[in-house]
1. Take Ser204 and decide whether it is out of contact with any Asp or Glu (no Cβ under 9 Å at 6 or more places or on another chain) and either open to solvent by 10 Å² or more (accessible area, probe 1.4 Å) or within 18 Å of Gln69 (Cβ to Cβ) (or both).
2. Name every residue in the range 48-101 that is assigned to a helix (DSSP H, G or I) and either open to solvent by 10 Å² or more (accessible area, probe 1.4 Å) or basic (Lys, Arg) (or both), in order of residue number.
3. Looking at Ala109, Ala128, which is the one that is under 23 Å from His268 (Cα atoms), under 18 Å from the mean Cα position of the chain (by Cα), surrounded by fewer than 22 Cβ atoms within 10 Å (Cβ to Cβ) and hydrophobic (A, V, I, L, M, F, W, C)?
4. Any residue at all in the range 238-247 that is open to solvent by less than 10 Å² (accessible area, probe 1.4 Å), touching a Ser or Thr at 6+ places or on another chain (Cβ under 7 Å) and among the hydrophobic types (A, V, I, L, M, F, W, C)?
5. Residues of the range 261-294 being among the aliphatic types (A, V, I, L, M), open to solvent by less than 20 Å² (accessible area, probe 1.4 Å) and closer than 22 Å to Ser11 by Cβ, which ones?
6. Sort through Leu239, Leu281 and tell me the only one that's outside any strand (DSSP E or B) and touching a strand residue (DSSP E or B) at 6+ places or on another chain (Cβ under 6 Å).
7. For Tyr9, which of the numbered conditions (1) closer than 30 Å to Gly185 by Cα; (2) in contact (Cβ under 8 Å) with a residue 40 or more places away in the chain fails to hold?
8. Please specify each residue of the range 130-186 satisfying the condition of being in a strand (DSSP E or B) and without any contact (Cβ under 8 Å) to a residue 12 or more places away in the chain.
Amino acid sequence: MDWAKLDDYLSSEITRARVPGVVVLAVDREQVIFSGVYGTQASRDPLRLDQPLLIGSLSKSFTALAVMQLVEGGQLDLEGMVEQYLPGVPGGERITIHQLLHHTSGYGAFQDRHHLTVTETSERHSYAGVNYVLLGEIIAAVSGQSYGDYVKEQIFAPLGLTNAYTTLEEARQGGLAIGHRNYFGFPVPEDVGQPAGKDFTSPSEGNLLASASDMGRYLQAFLNRGESIASPASIDQILNDRVPESDTVAYGLGWYFSSRFSEPLWHHGGAAENYQASMILLPTSGRGVVILSN
């Protein structure tokens with residue numbers, strides 16, 4: 001790989017697109033193999049590799065991993081009904097944990113926690129964040145602690161993710177990078193202003209925060225088939241237990257799979273207020289890439 005050529009390309013294109021800041025990090029199973037900071041603010045107030053940003057729906061992979069940890073511990077059953085863990089959820093008597101993970105529950109993309117209806121999409125993949133809102137609540141109910149505390153203790157700490165957070169308040173204290181809104185093609189710095197009490201702000205669905213360095217370390221755990229946080233069998237199931245979305249794309253447990261390229265590729269994107277994120281996993285090559293932007 002010509003890393004210098006890649007660096008020049010990213011620097012030119014990201015600046016031309018008026019993106020304020022982008023951090024790119026690539027890892028193999030043992031080390032960082034490429035990193036770069038780009039964007040219009042790179043020369044005056046650059047992002048840092050260890051600076052937290054909102055990672056959006058990349059959070060779903062953490063939630064799926066937490067579910068599999070609880071399955072390993074015998075505390076959760078993938079084929080168990082939602083009703084068993086969260087009594088009173090509409091449709092919970094016929095929707096399994098497995099279906100929530102696959103987005104095959106039938107809940108709609110624009111439904112929230114308090115307005116749930118099983119639609120005609122039941123049994124086929126239809127991406128809906130509320131599935132992972134419910135999974136976060138189930139993790140809390142089963143573990144006896146908040147979703148945030150569980151993830152910090154069972155994923156962040158064992159992997160040494162020192163700049164990963166479950167709340168905006170904690171991340172601000174840890175140096176959260178200021179996000180931007182796009183106004184007529186120009187990025188304007190703006191603090192996160194999410195409406196209080198809205199379910200789409202759930203960390204289990206899309207509001208975890210982490211640095212590029214932490215996300216690189218997280219990808220290494222998958223490349224190394226679980227390390228201290230999950231068994232190889234659980235990692236294999238997370239990546240390979242999947243349902244089709246199209247001829248070349250499928251959804252696993254918190255990860256998309258694509259067969260369109262020269263080797264199998266797992267990935268997920270994230271769009272949170274004022275931030276963008278993406279992660280890519282190439283197990284055959286033993287490499288992973290994370291891209292975080294404000």
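1. no
2. If the condition is that a residue be assigned to a helix (DSSP H, G or I) and either open to solvent by 10 Å² or more (accessible area, probe 1.4 Å) or basic (Lys, Arg) (or both), then Ser57, Lys60, Gln69, Val71, Glu72, Glu83, Gln84, Tyr85, His98, Gln99 are the ones that fit.
3. Being under 23 Å from His268 (Cα atoms), under 18 Å from the mean Cα position of the chain (by Cα), surrounded by fewer than 22 Cβ atoms within 10 Å (Cβ to Cβ) and hydrophobic (A, V, I, L, M, F, W, C) holds for just one of Ala109, Ala128, which is Ala109.
4. No, there is no match, as no residue in the range 238-247 is open to solvent by less than 10 Å² (accessible area, probe 1.4 Å), touching a Ser or Thr at 6+ places or on another chain (Cβ under 7 Å) and among the hydrophobic types (A, V, I, L, M, F, W, C).
5. Ala277, Met279, Val290, Leu292 - these are the residues of the range 261-294 that are among the aliphatic types (A, V, I, L, M), open to solvent by less than 20 Å² (accessible area, probe 1.4 Å) and closer than 22 Å to Ser11 by Cβ.
6. Of the residues listed, the single one that is outside any strand (DSSP E or B) and touching a strand residue (DSSP E or B) at 6+ places or on another chain (Cβ under 6 Å) is Leu239.
7. (2)
8. Asn182, Tyr183
The values are calculated or read from the model by the stated rules, or taken from the named source; none is laboratory data. Since the model is a prediction, treat every value here as computed from it, not as a measurement. Every residue, glycine among them, receives a Cβ derived from its backbone with ideal geometry; neighbour counts consider all protein chains shown. When the accessible area is computed, the model is the full protein with side chains, heavy atoms only, and any ligands, DNA or RNA have been set aside. Shrake-Rupley method; radii C 1.70, N 1.55, O 1.52, S 1.80 Å.
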